[in-house]
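Just below is one structure, and these are the notes that go with it.
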């Protein structure tokens, strides 16, 4: 058991010049092509110690002559036709091959009825789609079947699902939508170059890639540095207009992207330690957001205190008053949501905890107001305040 766990908790290297099936499953994963680097990351074992055991069991079945129907899968490439985004060489690596069919193994900690939800099964099936082409037994360029194997770690119940060719068609539609969202649009898309460079590199033979790897990688790193400088400069220039409509979201988006381009997949402490340029950029973000951070927290607190005074003092009457309260609450949460993001950039964990506590209190109190005031409906506050999928994940 311990040996298996040690195998699972190990460093792996992100390569911005390689493309795997997992890269195309979502827009967030596609964006990693732009701002990921080549530093080693640390994998963490599943919270349940039994998950890697099943993966290891599948591997061993493929190596045991007594189980001749099982074979080790390995990594294999295949060409995917993505229309305007080109014919793309993508690698896939399922967990095993059973009678010539790729198998993907998933484990859930609870029972299958609770853990294997329709949404999860759909997501896992989409992951199988790439293997249907890379390892499927259909004719060349045609997706074959796959098997999705789900094991409950609670009661050891097993569910095996046949994944048919129609699954590949659905996945391809999703992949094209993701590619359009990240790299599509007009020729002015400043990040399309990352995708086109990757595809050009991937479509060369292995000897060319080996010879030109470092020069192509240097080109990508230069792009990342230039794009980071531009995004951060444009973002910081928005601070004087930060409270205008939609400006805060634009500011947050630009600085987030510039910061990720600077980090290149590293933790902030690691980037500061190893990279003088990154240290200068990250310290610059802290310096340039100091005044905004102090003012924003103060303004949000003042607005909230004043709103509580008016509402709890009976100053809100009628439907119009309730709608006005909702609007003011949303303003407070939007400001605190921005401050929450800036707190992450500044790596101030104490202030971040205070902001999160304040946001929770505001949501609870404000929802109570709506019920008491008889406004009906919902405050529609879920997801407000910096909880989008672009939150930084580089904090300790």
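Whole Å is fine, so just give me how far the alpha carbon centre of the range 318-360 lies from that of the range 168-233. A separation of 36 Å, based on Cα centres.
Using the alpha-carbon positions of the range 109-207, Rg (one decimal) and Dmax (whole number) come out as 17.7, 54 Å.
The fraction of all Cα pairs in the range 143-302 landing in successive 10 Å bins from 0 to the largest distance is 8, 22, 25, 21, 17, 6, 0, given as whole percents. Here the peptides 330-337, 125-132, 365-372 are ranked by packing, the mean other Cβ count within 10 Å, and the order with the highest first is 125-132, 330-337, 365-372.
Across the range 82-216, Cα pairs under 8 Å and at least six residues apart give a relative contact order of 23 percent.
With N set to the number of residues, divide the alpha-carbon radius of gyration of the range 276-364 by 2.2 N^0.38 Å and report two decimals. If you can, show how the numbers build up before the last one.
Numbers: Rg = 16.0 Å, N = 89, 2.2 N^0.38 = 12.1 Å.
Taking N as the residue count of the range 276-364, the ratio is 1.32.
Working from label points 7 Å from Cα in the Cα-to-Cβ sense, the residue 205 to residue 291 distance is 6.0 nm.
Packing, as the average of other Cβ atoms within 10 Å across residues, places the peptides 75-86, 90-101 in the order 90-101, 75-86, highest first.
Could the peptides 204-212, 265-273 be put in order, highest first, of the mean number of other beta-carbon atoms found within 10 Å of their residues?
On the way: 204-212: 10.8, 265-273: 17.7.
Per-residue Cβ counts within 10 Å, averaged per peptide and sorted highest first, yield 265-273, 204-212.
Once every Cα of the range 204-286 carries one equal point scatterer and solvent is ignored, give the base-10 log of I(q)/I(0) from the Debye formula at q = 0.16, 0.17, 0.25 Å⁻¹, two decimals. Listed by q, the Debye log ratios stand at -0.68, -0.73, -1.12. Given R0 = 51 Å, the distance between the Cβ atoms of residue 87 and residue 301 translates into a calculated FRET efficiency of 0.40. Can you classify the range 244-301 as rounded, prolate or oblate using the Cα gyration tensor, where a ≥ b ≥ c are the square roots of its eigenvalues, rounded means a/c under 1.5, and otherwise it's prolate if a/b beats b/c and oblate if not? Prolate is the answer for the range 244-301, as a/c is 1.5 or above and a/b outweighs b/c.
Working from label points 7 Å from Cα in the Cα-to-Cβ sense, the residue 274 to residue 365 distance is 4.5 nm.
For the pair residue 242 and residue 117 in one chain, pulling the backbone fully straight at 0.36 nm per residue adds 40.9 nm over the alpha carbon distance.
Throughout, read-outs are computed from the coordinates displayed, never taken from laboratory work. This is a predicted model, so every value here is computed, not measured. Ideal geometry is used to build each Cβ from the backbone, glycine not excepted, and the neighbour counts take in all protein chains shown.
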